[in-house]
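The structure appears below as structure tokens.
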Amino acid sequence: MLNDPDKTQNFATKIEVQQPLVNLDGLYGRQAARAKMDAFQLQTERTKEYLELEVSKAYMQLQLAYKAVKVLEKANTTAQGNLKLVENYFKNGMLQKTDLLNVQVRVNEIANQLQYAKSNVQNASDYLAFLLNEDMAGKTYKPAEALNNSIAIESINTTISDSRKDIQAMQKSAEAYQKMFQSSKFGFLPRLNAFGSYELYDQHVFQTSSKGYVVGAQLSWNVFDGYKNIGKTQKAKADFEKATVETEQYKKQSQLELNKTNRQLLDAENKVNLSKLAFEQSQEAFRIRQNRFTQGLEKTTDLLLSETQMAQKELEHLQAVFEYNFTKQYLQFLTK
């Protein structure tokens with residue numbers, strides 16, 4: 001019987017629960033994790049705001065592209081009218097062949113610029129579709145409203161708000177490092193944990209012929225760990241101080257960016273006003289030269305120069321309006 005005993009089966013089922021009672025380093029560690037999670041959430045929200053700004057910019061670029069097409073179509077119509085007039089003068093022997101060739105070159109230039117403008121419309125549509133995660137194959141967007149030639153002046157905010165999502169994210173990240181520093185400091189203290197288990201024994205699995213339970217508490221304290229906790233605490237303190245400095249530096253950089261954008265907005269407003277005046281003056285100059293040309297008092301080259309300048313000044317004015325509108329939205333993004 002000793003050398004060949006009968007087979008004996010014994011199954012044990014155990015349910016065990018462990019619960020920290022006094023574990024301050026773990027408490028601050030959980031608070032640090034929660035602060036880090038909040039920081040990621042705030043940064044995600046700020047990224048969404050930036051994407052909204054980028055979509056708005058792409059939409060305004062689409063407006064500008066359509067407006068440029070209209071300007072060049074108008075310039076093309078004007079150039080075609082001048083070409084017919086010059087062709088009639090040339091047939092009547094009133095102009096030389098060089099005058100006719102100059103006008104034809106100008107008409108070809110406008111046609112080429114018009115083609116580029118139409119390509120820019122498609123490029124702007126593709127980029128907008130990319131931002132909207134839409135299919136870009138053969139799709140051309142058209143803005144609901146055209147780009148306005150005038151601008152709306154608004155009051156300027158000159159201070160950065162601490163409620164801005166990215167600044168809040170930096171502050172939450174610094175708070176997480178602070179909690180980790182506190183957690184490492186409390187790592188020197190003893191830990192008190194409670195535990196309990198309920199056990200079932202039987203020859204058959206999950207049966208309850210015999211039962212037992214254990215409850216208790218455990219107090220543990222690492223008195224000496226080779227300066228591991230000291231090094232961990234010093235590193236956590238350095239990380240916290242670094243995060244604090246980076247947060248303050250980020251706020252100052254944001255304020256610098258806001259100040260710069262404020263000045264850019266004022267410059268853009270001045271550029272819009274000057275470009276509008278220049279466009280109006282170029283319109284009047286072209287009208288006068290065209291009237292004098294029909295009377296034989298102006299050279300063809302002067303007429304072409306005036307017509308080119310008028311189209312150029314109109315495009316510059318539209319570009320200035322776009323820059324002002326986008327700078328204003330970027331300023332709102334910085335103070336949001």
Q. Hey, Leu265 hits all of (1) open to solvent by 60 Å² or more (accessible area, probe 1.4 Å); (2) over 30 Å from Thr13 (Cβ atoms); (3) not β-branched (Val, Ile, Thr) but one; which does it fall short on?
A. (1)
**Q.** Yes/no for Thr13 being surrounded by 11 or more Cβ atoms within 10 Å (Cβ to Cβ) and of a type in the set (Ser, Thr, Tyr)
**A.** yes
Q: Pairs only if they're at least six apart or on different chains, beta carbon under 8 angstrom, first in the stretch 24-44 and more than 9 Å from Ala169 (Cα to Cα), second acidic (Asp, Glu) and surrounded by fewer than 17 Cβ atoms within 10 Å (Cβ to Cβ); list them, first residue then second.
A: none
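Just a yes or no: is a residue in the stretch 307-329 outside any helix (DSSP H, G or I) and within 30 Å of Asn88 (Cβ to Cβ)? Write out each step before concluding.
Of all residues in the stretch 307-329, those outside any helix (DSSP H, G or I) come to none.
Checked against the condition, which is being outside any helix (DSSP H, G or I) and within 30 Å of Asn88 (Cβ to Cβ), the stretch 307-329 yields no hits at all.
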Q) Is it true that some residue in the stretch 60-77 is within 28 Å of the chain's Cα centre (by Cα), polar (S, T, N, Q) and open to solvent by 30 Å² or more (accessible area, probe 1.4 Å)? A) yes
Q | Search result, residues across the stretch 288-322 that are closer than 25 Å to Leu266 by Cα and open to solvent by 60 Å² or more (accessible area, probe 1.4 Å) | A | Gln312, Glu316, Gln319
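Hey, could you check the stretch 175-209 for residues that are in a helix (DSSP H, G or I), under 20 Å from Val22 (Cβ atoms) and charged (D, E, K, R) and say which is modelled with the lowest pLDDT? Please lay out each step first, then the result.
Within the stretch 175-209, the subset in a helix (DSSP H, G or I) is 175-186.
Going one step further and asking which of them are under 20 Å from Val22 (Cβ atoms), we end up with 179-186.
Then keep just the ones that are charged (D, E, K, R); that gives 179, 185.
On the way: Lys179: 92, Lys185: 85.
Checking each candidate, the answer is Lys185.
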Q) Could you say which residue among Ile160, Ile153, Ile110 is more than 19 Å from Ala320 (Cβ to Cβ), modelled with pLDDT under 90 and either open to solvent by 20 Å² or more (accessible area, probe 1.4 Å) or more than 21 Å from the chain's Cα centre (by Cα) (or both)? A) Ile160
Q: Quick one: which residue in Gln80, Gln104 is among the polar types (S, T, N, Q), surrounded by fewer than 19 Cβ atoms within 10 Å (Cβ to Cβ) and without any contact (Cβ under 8 Å) to a residue 24 or more places away in the chain?
A: Gln104
Q.
Can you tell me which residue is nearest to the chain's Cα centre (by Cα) among those in the stretch 171-209 that are among the polar types (S, T, N, Q) and open to solvent by 60 Å² or more (accessible area, probe 1.4 Å)?
A. Gln171
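The values are calculated or read from the model by the stated rules, or taken from the named source; none is laboratory data. From a predicted model like this one, the values you see are computed outputs, not experimental measurements. Every residue, glycine among them, receives a Cβ derived from its backbone with ideal geometry; neighbour counts consider all protein chains shown. These accessible areas exclude ligands, DNA and RNA; they are computed on the full protein's heavy atoms, side chains included. Shrake-Rupley method; radii C 1.70, N 1.55, O 1.52, S 1.80 Å.
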